[in-house]
Amino acid sequence: MSESNRTFVGFGFGAIQAGLFLYEAARSGNFGRLVVGEVVPAAVDELVKAGGRYVVNIASSDGVKPEEVGPVEILHTGCEHGRALLVNAVAEAEEIATAAPGVQQYVSNASGSLHGILADGLRKKAAARGPRAVVYAAENHNHAAEILEAAVLDAVPADERGSVRRQVRFLNTVIGKMSGVVSGEGEVHSRGLAPITPGAGRAFLVERFNRIYISRIRFDGGANAGFRRGIDLFEEKPDLLPFEEAKLYGHNATHALAAYVAAVRGLERMCELAGDPGVVAFLEAAFIEESGATLIRRHAGLGPLFTREGYRAYALDLLTRMFNPHLGDLVSRVGRDPQRKLGWDDRLIGVIRLAMAYGIEPRRYAMGAAAALAMLDGSVLRADSPSVSALLDPLWREARPDAAEAQEVIRLVEDGRNRLRLWVERGFPDLGAFPACC
């Protein structure tokens with residue numbers, strides 16, 4: 001098969017799909033056909049009317065550049081015709097990427113369920129001995145690929161599962177690329193962004209960063225049995241989990257910490273934090289001395305990232321990118337869904353638990369968890385507020401945490417709340433002097 005005949009299929013036409021997967025697939029020149037499935041009819045109609053061409057705004061350190069991508073075939077997953085075409089596209093695709101809001105969206109009872117379309121397409125691929133394929137699971141979960149694979153194979157008849165498995169590999173991803181959708185014609189215009197399509201009231205805005213890690217691909221037959229990726233810039237790792245943990249407990253945890261501190265300060269955009277040296281120093285210390293020290297102890301010897309120098313460079317680069325004024329990320333966007341981010345296994349409580357397990361007291365992230373609680377319940381910063389336990393226990397109920405460990409986490413977050421209150425009451429003194437300032 002010539003390179004120009006390769007097919008790429010994406011699920012979910014959001015910022016990561018549009019600004020990473022479709023964008024890089026188009027730039028590679030290795031695909032003759034780009035297809036994306038989308039559940040929102042209005043988004044499908046917009047792109048169809050634009051002839052399958054859209055614009056993504058790429059933010060770098062010195063400005064924003066709009067770039068056109070296309071033509072892309074967009075199909076509505078909620079209609080039978082669109083579903084049938086997507087099944088056929090999956091059957092002929094070499095690379096597939098899911099970019100749903102979360103792993104919970106993999107399975108539904110609707111005919112257009114992501115897992116059902118993949119199952120039918122892969123069955124068709126196996127029956128026709130179509131090209132082998134990889135599926136990039138781009139959802140922000142350390143085991144997204146395993147969850148997706150299990151859901152898809154469960155929808156495949158038992159006697160066909162072996163042939164389907166031979167044709168496809170599901171890959172986890174570590175996507176440290178910050179991105180979003182800017183909504184509202186006024187906001188899009190005031191920021192000088194190009195809309196997704198002419199006249200659309202939304203714009204894709206992503207950073208230029210594209211160093212993406214993926215699971216190592218292993219097909220039966222050795223040397224990947226002749227399979228070669230068309231999106232060749234992604235970096236395969238034999239063991240992706242340490243890098244997934246660096247993303248969740250380093251990048252994601254510190255991004256959330258920054259957002260909740262910014263929310264307490266009453267800031268609108270993440271880049272405004274750069275104007276407060278004390279907050280910047282506080283975030284650096286959390287990233288390097290709490291997250292970094294923990295992960296270096298946990299993964300020492302696994303590469304340059306897990307050294308003090310390597311992790312420090314990683315942290316400082318990310319903080320610079322988080323504060324990029326051209327990205328202009330909203331505090332409300334980064335801090336959205338604090339219930340999830342305070343989950344027992346999610347970024348804030350997750351990094352607190354992991355640090356404790358390695359003998360490190362994560363007092364800054366505990367303060368961030370308290371700030372996240374303040375977004376859930378504004379009374380958290382008052383003396384008569386509910387206990388931390390009363391607020392966190394319902395969020396952890398399904399996880400059924402160990403009682404002793406949960407009590408220790410609650411103790412740390414309660415201490416973090418006391419420090420946060422003092423910081424607010426004293427008029428936001430230099431947070432870089434933490435913990436002495438509080």
All helices (runs of 4 or more DSSP H) inside segment 39-133 with 1 or more residues being touching a Phe, Trp or Tyr at 6+ places or on another chain (Cβ under 6 Å): 41-49, 114-128
Scope segment 331-348; condition under 20 Å from LEU283 (Cβ atoms) and surrounded by fewer than 19 Cβ atoms within 10 Å (Cβ to Cβ); matching residues: SER332, ARG333, ARG336
Test: residue in segment 274-293 that is polar (S, T, N, Q), in the same structural domain as ARG321 (by TED's automatic domain parsing) and closer than 19 Å to VAL331 by Cα: no
Residue list for segment 13-38, restricted to those being more than 16 Å from GLY180 (Cβ to Cβ) and in a loop (DSSP other than H, G, I, E, B): GLY29, ASN30, PHE31, GLY32
Matching residues, segment 256-276, being surrounded by fewer than 23 Cβ atoms within 10 Å (Cβ to Cβ), assigned to a helix (DSSP H, G or I) and out of contact with any Asp or Glu (no Cβ under 8 Å at 6 or more places or on another chain): ALA263, VAL264, GLU272, LEU273, ALA274, GLY275
Listing of helices (runs of 4 or more DSSP H) fully contained in segment 318-390 that carry 3 or more residues being of a type in the set (Gly, Ala, Ser): 347-357, 363-376
Filtered residues of segment 54-66 (kept if surrounded by 14 or more Cβ atoms within 10 Å (Cβ to Cβ) and not hydrophobic (A, V, I, L, M, F, W, C)): TYR54, ASN57, SER60, PRO66
Candidate set: segment 1-57, residues that are at pLDDT 95 or above and touching a Pro at 6+ places or on another chain (Cβ under 7 Å); chosen: the one nearest to LEU122 (Cα to Cα): GLY52
Members of segment 161-214 found to be of a type in the set (Val, Ile, Thr), under 13 Å from the mean Cα position of the chain (by Cα) and closer than 16 Å to LEU22 by Cβ, listed by number: THR173, ILE175, VAL206, ILE212
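Rundown of residues vs (1) outside the structural domain of ARG321 (by TED's automatic domain parsing); (2) acidic (Asp, Glu); (3) closer than 30 Å to GLU245 by Cα, yes/no style:
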site: TYR54; (1), (2), (3): yes, no, no
site: ALA59; (1), (2), (3): yes, no, yes
site: VAL87; (1), (2), (3): yes, no, no
site: ASN109; (1), (2), (3): yes, no, no
site: ASP120; (1), (2), (3): yes, yes, no
site: PRO131; (1), (2), (3): yes, no, no
site: GLU146; (1), (2), (3): yes, yes, yes
Subset of segment 241-255 [surrounded by fewer than 19 Cβ atoms within 10 Å (Cβ to Cβ) and either hydrophobic (A, V, I, L, M, F, W, C) or outside any helix (DSSP H, G or I) (or both)]: LEU241
Conditions (1) within 27 Å of ARG265 (Cβ to Cβ); (2) modelled with pLDDT of 95 or more; (3) over 16 Å from the mean Cα position of the chain (by Cα): number failed by LEU348: (3)
Odd one out for GLY176, checked against (1) surrounded by fewer than 20 Cβ atoms within 10 Å (Cβ to Cβ); (2) modelled with pLDDT under 95; (3) not hydrophobic (A, V, I, L, M, F, W, C): (1)
Matching residues, segment 197-210, being in contact with a Leu (Cβ under 8 Å, 6 or more places away or on another chain), in a loop (DSSP other than H, G, I, E, B) and under 24 Å from ASN324 (Cβ atoms): ASN210
Residues satisfying the stated conditions in segment 127-157, i.e. of a type in the set (A, V, I, L, M) and under 17 Å from VAL9 (Cα atoms): ALA133, VAL134, VAL135, ALA137, ALA138, ALA145, LEU148, VAL152
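The values are calculated or read from the model by the stated rules, or taken from the named source; none is laboratory data. Everything quoted here is computed from the prediction, not taken from an experiment. In this analysis, Cβ positions are derived from the backbone assuming ideal geometry, glycine residues included, and neighbour counts consider all displayed protein chains.
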